[in-house]
Structures are given as C-alpha cells and as structure tokens.
Amino acid sequence: MPPSSTILPIYIRPGNLQTSSAIEAWVHRKLAGAFRRYGSKITAVEVHFEDVNGPKHGAADARCVMEARVNGRSPIAVHARAGDLYAAIGAASRKLDAAISRVVERTDARARRRFRQERQENGTAAPFDGVGAVGPEAGAFGREAGAASGRAQRRGVIIAGFGPVGRALADELTKHRVPITVVDTNAATIRRQDGLGVTVLCGDMTDPEVLRRAGIETAAALAVTIPDGAEAVRACAAARALSPDVHISARTTFLSQGLEVMRAGANSITVEEIATASALARVVTQQLTGKLHRPDSEALMTLQGANE
C-alpha cells in the first residue's frame, strides 16, 4: 500500500476494520504534533487497526497499533484500546509521541557525552553553554574569520544556502563590510539577487568544483546554513578536504546532527533546538518575572530568529 501522506510516510493497515477518509485524516491530525517535533528523525509510521471482539461487542472493541521508524533504529511500537477507533487512535498517538521523545532524549544525551569526550581527547574541550553554539570558536565567528584572514591572507566568507538564515547572516556581514559569496541550488534565488552587489553562484556545495568556484581555497570562513543535516555533513567534508585552514561554522537542527557535522570538519555549530529552547525560556522567564524591558515585538523576533 502506498504511503497515505506526502509529508510524513504514514501507512494505514485497516485490518478487519472499515477505514475512511475521515479516519485517515484523524490519524494525520493526531500524529501532527509528533511530526512537528521529530519529523526529520521519523522515516515512517505504520498504523494498524483491529476489531478485538469481532462481531461481539465490548467496552474496548477498537485496538490501534502505531509503529514508528526513527532514523534506522529498531521500530518503536505502542498500542491502545478504546470503545471506538477515534479514541484508540488518540490514545496510541499520545503514547507514540512520549515513546519517541524518550528515544530522542537518550540519543541526544549520548551525543552530548560523545561530543564532550571527543573534544577532550582532541585537547580542544569547549564549554556547552546551552544557547546552541558549540565549539572552540563558537560565538566569535567574525573574530575568528578575521584572525584567519590575517594569518593566512584569507578573505571573505562563503555562505552555503540563501534561505532566511543565510540572508540574515549576509546582511550582518555586509554591515561590517565583509566580502561574501553566496552559493544556493535555487536558480530563482540566484536571479533575485541580481543587482544587489552580492556574488551569488548556483550550485551544490557538496560538489568540489562548485566549492572551488566559490573560492573555498582562499576564503576566511564558510557558513553552512542549509537546513538539510545530511547535506550539511557532506558540504563540510568536501570543504575541509579542499581547505584545511578555513573556518567552518554550520547550522544543524539536532545535536546528534551537529556531532556528525563536527566530525566532518566543522569548527563550530549552532543547534536550532537548543537555541530555540534557550531563547524561549529566556523570554518567557523575563515576562513572568517582570524583567522584560524590550518591546514585545523584539522579543518575538528573538524567538523567530532562533527558529529560522
């Protein structure tokens, strides 16, 4: 049976129960929260229905089993019974959300331990400050890039990906008169930058030839802002192979992805889930304690900026 969703692959197995478009819509609605939180880590979800008592009626006739596959790990399976299928789906979805959360938390905890251990073994242990920036040069991107430029006569910053994050970084670097080169795979994005004084190349940053055209061998820094974690890993590895001295700073959604990016050659990472949580906690705490002196609009921008 083909997947019933073009966003998250959800396979519905009705078993001995009659399904409908309304039932399928209810499944998607109930799994929407888990998908928003862990969508990039979930590869597929199977949903099984069963009428437990058959023609005999009982208090909990409907049974729903949900099985999620999370990044190639062993399937996570939960089940729930209720008087009707809608209630069984709702109960199973809550159990699945909680089960995935536990698996992800354990995975991220192991990633943090491995990260600290590897940094200590390499003699470059760095504090983890909880705001998303990790690495010996985290939080000092511009200063480190400038220092590299002075040491090795390198200049300019390459920005891989020109979505909201890449554009915000480009604006900030332009204010400081830092030469930038933007690389993006979207031809429409490239055309929109014509006449804005920004050097923009259309190409794949995992391609060594595109990296050379962008000037990776003489650039002071590379900022990988593309949202795809696997693409970011490949881009960092390709850039590091061509330029051992360039500073590479990368954006990742999850800490476990960040660890892979660091192994691929990044000097520092910004982890979105940590940056977002930190910004949200700071603003909410300030609101509750009456210590928020900034306008609400600025606070909102802080949250939106952290979650680009």
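The values are calculated or read from the model by the stated rules, or taken from the named source; none is laboratory data. The model shown is predicted, which means the values in this text are computed figures rather than measured ones. All Cβ positions, even for glycine, are placed from backbone atoms using ideal geometry, and neighbour counts span all protein chains on display.
Please determine, by comparing only the residues of region 244-261 that are of a type in the set (D, E, K, R) and surrounded by fewer than 22 Cβ atoms within 10 Å (Cβ to Cβ), which one is modelled with the lowest pLDDT.
Among residues in region 244-261 that are of a type in the set (D, E, K, R) and surrounded by fewer than 22 Cβ atoms within 10 Å (Cβ to Cβ), the one modelled with the lowest pLDDT is Glu260.
Pairs only if they're at least six apart or on different chains, beta carbon under 9 angstrom, first in region 93-120 and modelled with pLDDT of 75 or more and of a type in the set (Gly, Ala, Ser), second buried (at least 18 other Cβ atoms within 10 Å of the Cβ) and in a helix (DSSP H, G or I); list them, first residue then second.
Filtered contacts from region 93-120: Ser93/Val27; Ser93/Lys30; Ser93/Leu31; Ser93/Ala34; Ser101/Ala34; Ser101/Tyr38.
Could we say that Val78 is buried (at least 18 other Cβ atoms within 10 Å of the Cβ), modelled with pLDDT of 90 or more and farther than 30 Å from Asp228 by Cα here?
So Val78 does not fit the description; no.
If I ask for residues that are under 12 Å from Leu85 (Cβ atoms) and modelled with pLDDT under 70, which ones from region 35-65 would you list?
Hit for region 35-65 is Ala60, nothing else.
Tally time: how many residues in region 208-242 are modelled with pLDDT under 90 and part of a loop (DSSP other than H, G, I, E, B)?
3
Among the numbered criteria (1) at pLDDT 85 or above; (2) outside any strand (DSSP E or B); (3) within 28 Å of Val261 (Cα to Cα), which single criterion is violated by Ala68?
The number of the failed condition is (2).
Cβ-Cβ distance below 7 Å, separation of 6 or more or different chains: which pairs start in region 8-30 with a residue that is polar (S, T, N, Q) and end on one that is surrounded by 12 or more Cβ atoms within 10 Å (Cβ to Cβ)?
Asn16/Glu50; Asn16/Asp51; Thr19/Ile12; Thr19/Phe49
What tally of residues in region 262-276 results from selecting those that are part of a helix (DSSP H, G or I), among the aliphatic types (A, V, I, L, M) and touching a residue at least 60 places away in the same chain (Cβ under 8 Å)?
Final tally of qualifying residues: 3.
Restricting to region 229-261, name every residue that is under 20 Å from Arg110 (Cα atoms), in contact with a strand residue (DSSP E or B) (Cβ under 6 Å, 6 or more places away or on another chain) and hydrophobic (A, V, I, L, M, F, W, C).
Leu255, Val261
Assess whether Ala264 counts as being in contact with a Leu (Cβ under 9 Å, 6 or more places away or on another chain), in the same structural domain as Ile159 (by TED's automatic domain parsing) and buried (at least 19 other Cβ atoms within 10 Å of the Cβ).
Taking the combined requirement at face value, the residue does not satisfy it.
Starting from region 153-177, take each residue that is among the basic types (Lys, Arg) and list its partners that are surrounded by fewer than 23 Cβ atoms within 10 Å (Cβ to Cβ) and not in a helix (DSSP H, G or I), counting only C-beta distances under 8 angstrom and pairs at least six apart or across chains.
Listed by first residue and then by second, the contacts come to Arg154/Thr218; Arg154/Asp245; Arg155/Pro179; Arg155/Thr218.
So which residues in region 243-261 are among the hydroxyl-bearing types (Ser, Thr, Tyr) and part of a loop (DSSP other than H, G, I, E, B)?
Ser243, Thr253
Please verify whether Ile269 is farther than 22 Å from Ala170 by Cβ and buried (at least 22 other Cβ atoms within 10 Å of the Cβ), treating the condition exactly as stated.
no
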